[in-house]
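K.L.:
Got a structure for you, questions after.
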Amino acid sequence: MPAWCSPRDVLARVVAGLPSRAIAMELRITAATVQDHLKSVFAKTGVRSRRELVATILHL
């Protein structure tokens, strides 16, 4: 996989329960990039935590 990914790539792994470092290693990006994607998604959805984000995604 290239060193670029979309927030969806990160979200799929968050739902799977992976921590940021594992997501970063799997997608070949930095942990900071993972956090940036998550902050963006949190802002767009109005959630405040990974747990809330996962619950929101699973209820769609």
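K.L.:
What are the pairs, 6+ residues apart or on separate chains, where a residue within region 35-46 that is in contact (Cβ under 8 Å) with a residue 24 or more places away in the chain has its Cβ under 7 Å from a residue that is in a helix (DSSP H, G or I) and surrounded by 14 or more Cβ atoms within 10 Å (Cβ to Cβ)?
P.N.:
Pairs that qualify, where the first residue is in contact (Cβ under 8 Å) with a residue 24 or more places away in the chain and the partner is in a helix (DSSP H, G or I) and surrounded by 14 or more Cβ atoms within 10 Å (Cβ to Cβ), are H37/P7; H37/V10; L38/V10; S40/P7; V41/P7; V41/L11; V41/L53.
K.L.:
Considering A32, A12, which residue is surrounded by 13 or more Cβ atoms within 10 Å (Cβ to Cβ) and free of Cβ contacts under 8 Å to residues at least 24 places away in the same chain?
P.N.:
Values: A32 fails: surrounded by 13 or more Cβ atoms within 10 Å (Cβ to Cβ).
Only one candidate passes the filter, namely A12.
K.L.:
So which of R21, R50 ends up being among the basic types (K, R), in contact with a helix residue (DSSP H, G or I) (Cβ under 8 Å, 6 or more places away or on another chain) and surrounded by 14 or more Cβ atoms within 10 Å (Cβ to Cβ)? Walk me through it before giving the result.
P.N.:
Values: R21 fails: surrounded by 14 or more Cβ atoms within 10 Å (Cβ to Cβ).
After ruling out the rest, the residue left standing is R50.
K.L.:
Also, I was wondering about something else. Restricting the search to region 1-21, which residues are more than 18 Å from I57 (Cβ to Cβ) and either assigned to a helix (DSSP H, G or I) or among the basic types (K, R) (or both)?
P.N.:
Residues of region 1-21 that are more than 18 Å from I57 (Cβ to Cβ), as a first pass: 1-4, 21.
Answer for region 1-21, where residues must be more than 18 Å from I57 (Cβ to Cβ) and either assigned to a helix (DSSP H, G or I) or among the basic types (K, R) (or both): just R21.
Readers should treat all values here as calculations from the given coordinates under stated rules, not as data from a laboratory. These numbers come from a predicted model, not from an experiment. FYI the Cβ positions are ideal-geometry reconstructions off the backbone, even for glycines, and counts take in every protein chain you see.
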